[in-house]
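Data block below; observations after.
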Amino acid sequence: FLNTKYTIKAGEIVVKDGEVVAAPEGRTIFVTPECDEKLNDEMLVTLKDRFDKYYSVTFNNYPVQKHYLPHPYEIKAPWRS
């Protein structure tokens, strides 16, 4: 972005002469996977343990609630056994 004359996103100029001139809200793409409930429960136990061990952010503070996403785009991933 520093060396561009113009950067255009969805028809709107967002960078001009290396300076950000607009910050339009785009889509937030996320996946909602389906899976076996037992497998999901086991995965959550492991994931929570790893959060406690390796991260300074707690597991409960990590997810982003949908009301913070101005233009959410959900992709549903069906379970395949």
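Only residues that are more than 20 Å from Glu37 (Cβ to Cβ), touching a strand residue (DSSP E or B) at 6+ places or on another chain (Cβ under 9 Å) and among the hydrophobic types (A, V, I, L, M, F, W, C) were counted across region 51-81, and they come to 3.
If you scan region 1-11, which residues turn out to be exposed (fewer than 11 other Cβ atoms within 10 Å of the Cβ) and within 26 Å of Val64 (Cβ to Cβ)? If the condition is that a residue be exposed (fewer than 11 other Cβ atoms within 10 Å of the Cβ) and within 26 Å of Val64 (Cβ to Cβ), then Phe1, Ala10 are the ones that fit. Residues in region 11-35 that are closer than 14 Å to Tyr73 by Cβ and either of a type in the set (Gly, Ala, Ser) or assigned to a loop (DSSP other than H, G, I, E, B) (or both): Glu25, Gly26, Arg27. Taking residues in region 58-74 that are more than 22 Å from Thr46 (Cα to Cα), and partners anywhere that are assigned to a loop (DSSP other than H, G, I, E, B) and charged (D, E, K, R), the pairs with Cβ atoms closer than 8 Å and at least 6 places apart or on different chains are Pro70/Glu25; His71/Glu25; His71/Arg27; Pro72/Arg27; Tyr73/Arg27. For region 12-41, the candidate set comprises residues that are surrounded by fewer than 11 Cβ atoms within 10 Å (Cβ to Cβ) and over 24 Å from the mean Cα position of the chain (by Cα); within that set, the residue that is farthest from Phe59 (Cα to Cα) is Asp17.
Residues in region 47-63 that are outside any helix (DSSP H, G or I) and of a type in the set (Ser, Thr, Tyr) were compared, and the one that is surrounded by the fewest Cβ atoms within 10 Å (Cβ to Cβ) is Ser56. Among the residues in region 64-74, are any more than 30 Å from Thr4 (Cβ to Cβ) and part of a helix (DSSP H, G or I)? Checking region 64-74: at least one residue is more than 30 Å from Thr4 (Cβ to Cβ) and part of a helix (DSSP H, G or I). Of everything listed in (1) aliphatic (A, V, I, L, M); (2) part of a helix (DSSP H, G or I); (3) more than 21 Å from the chain's Cα centre (by Cα), the single unmet condition for Leu44 is (3).
Just so you know, all these numbers are worked out from the coordinates, no wet-lab data involved. Quantities reported herein were computed from a predicted structural model and do not represent experimental measurements. With ideal geometry, Cβ positions are generated from the backbone for all residues, glycine too; neighbour counts draw on all protein chains shown.
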